[in-house]
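The values are calculated or read from the model by the stated rules, or taken from the named source; none is laboratory data. Keep in mind that this is a model prediction, so the values were computed, not measured. Glycine also receives a Cβ, built like all others from the backbone with ideal geometry; neighbour counts cover every protein chain displayed.
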Amino acid sequence: MKISPQLQPYLMLAPALSVIIMLFMGGLALAILQSFGYFPLIGRHEISLHAYRHLLSQHEFYISLLLTLWLSLASTFLSTLLAIACALALRDITRGQRWLTFILQLNLPIPHLVGAVGIMFLFAQSGFLARLAYLANLIHEPADFPIMVNDPYAIGIILEYVWKETCFISVIILATLQNLGPDYEHVARTLGANRWQRFRYVLLPLIMPGVLSASILVFTFSFGAFEVPLLLGQRYPSALPVLAYRYYIDADLNARPEAMALSVLITLIITALIAAYTKLTQYYIRA
């Protein structure tokens, strides 16, 4: 039987797509059903919006939402700025660039959880830096070290995400810069543009699609991940994914719909962010 050329790509993608549809979409459908109160395991067969109403009426939800937005925005902004600076610095290095790029990528395979443990050992009040500061007589005792882990401003969480994601964004921006080459800047320099003008009006618009694509990935990950905020964050307020996790592991199964409703809300927020990213990318591509 001869297969149409138009169908061949879809048939080749069918095995991977079937796994995604069955596992991801199936899990999402189950989460949506449970968020509407359908949970036969505990005898709940009715469909209602009680879990959503309960969540949206709680002050804790809005405090957690603000905290999650803060740590995600701060992490993404700082990571993106540092990544642009690192990529530009590496591009201008002529000797040893290959080794420096390799060193920059060393932390990419390290799991976030391992990075979170490292941040805890370094920046906790009983950690390495606090003890080092005590031995150097910079503080009277380790407890005088600034609170940077389990703190109300999520400094430890932001530090971990910046440490991890700066390298990820740098690699993407550096690849974009290398593909562009120096010709555009040479033309701008010939026309009298200084270094800042070449960056602002030439390089930045050209690398912006790559910057946006990398930063939205970082933002959505930091918005939806729970392991780092669970380890480095406060008990209250906690990030939205941590709050959903605590609802999910609650011994009272009646809290399960709230956990699923919170997960669905997180998914909707991330989907809206991806849609906004797509609009921004299309704007910069057209420009």
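Structural remarks
- Answer from Tyr134, Tyr62, Tyr38 - the residue that is among the aromatic types (Phe, Trp, Tyr) and touching a strand residue (DSSP E or B) at 6+ places or on another chain (Cβ under 7 Å): Tyr38
- Remark: pairs (first residue in segment 37-62, among the charged types (D, E, K, R); second residue part of a helix (DSSP H, G or I); Cβ separation under 8 Å; 6+ apart in sequence or on different chains) = Arg44/Pro257; Glu60/Leu243.
- Here Phe226, Phe221 are screened, and the one residue that is within 18 Å of Asn150 (Cα to Cα) and of a type in the set (A, V, I, L, M, F, W, C) is Phe226.
- Residues of segment 190-244 satisfying the condition of being hydroxyl-bearing (Ser, Thr, Tyr), in contact (Cβ under 8 Å) with a residue 40 or more places away in the chain and more than 30 Å from Met120 (Cβ to Cβ): Ser213
Residue-by-condition table, conditions (1) within 15 Å of the chain's Cα centre (by Cα); (2) within 14 Å of Gln105 (Cα to Cα); (3) of a type outside the set (A, V, I, L, M, F, W, C):
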{"site": "Tyr134", "(1), (2), (3)": "no, no, yes"}
{"site": "His140", "(1), (2), (3)": "no, no, yes"}
{"site": "Asp144", "(1), (2), (3)": "no, no, yes"}
{"site": "Asn150", "(1), (2), (3)": "no, no, yes"}
{"site": "Ile158", "(1), (2), (3)": "yes, no, no"}
{"site": "Lys164", "(1), (2), (3)": "yes, yes, yes"}
{"site": "Phe168", "(1), (2), (3)": "yes, yes, no"}
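- For segment 210-266, residues that are within 26 Å of Phe36 (Cα to Cα) and not in a helix (DSSP H, G or I) total 9.
- Residue count for segment 248-259, restricted to those that are surrounded by fewer than 20 Cβ atoms within 10 Å (Cβ to Cβ) and either under 29 Å from Leu81 (Cβ atoms) or at pLDDT 85 or above (or both): 2
- Some residue of segment 229-238 being aliphatic (A, V, I, L, M), out of contact with any Ser or Thr (no Cβ under 9 Å at 6 or more places or on another chain) and at pLDDT below 85: no
- With respect to the conditions (1) exposed (fewer than 13 other Cβ atoms within 10 Å of the Cβ); (2) closer than 24 Å to Lys164 by Cα; (3) more than 22 Å from the chain's Cα centre (by Cα), Leu100 lacks only one, and its number is (1).
- Any chance Arg95 is out of contact with any strand residue (DSSP E or B) (no Cβ under 9 Å at 6 or more places or on another chain), of a type in the set (D, E, K, R) and closer than 30 Å to Phe226 by Cβ: no
- Subset of segment 249-280 [without any contact (Cβ under 8 Å) to a residue 40 or more places away in the chain and closer than 30 Å to Phe123 by Cα]: Ile249
- For segment 219-272, a tally of residues being touching a His at 6+ places or on another chain (Cβ under 7 Å) and more than 27 Å from Ile169 (Cβ to Cβ) returns 1.
- Sole residue being at pLDDT below 85, surrounded by 15 or more Cβ atoms within 10 Å (Cβ to Cβ), over 25 Å from His59 (Cβ atoms) and aliphatic (A, V, I, L, M), chosen from Leu217, Leu191, Leu203: Leu203
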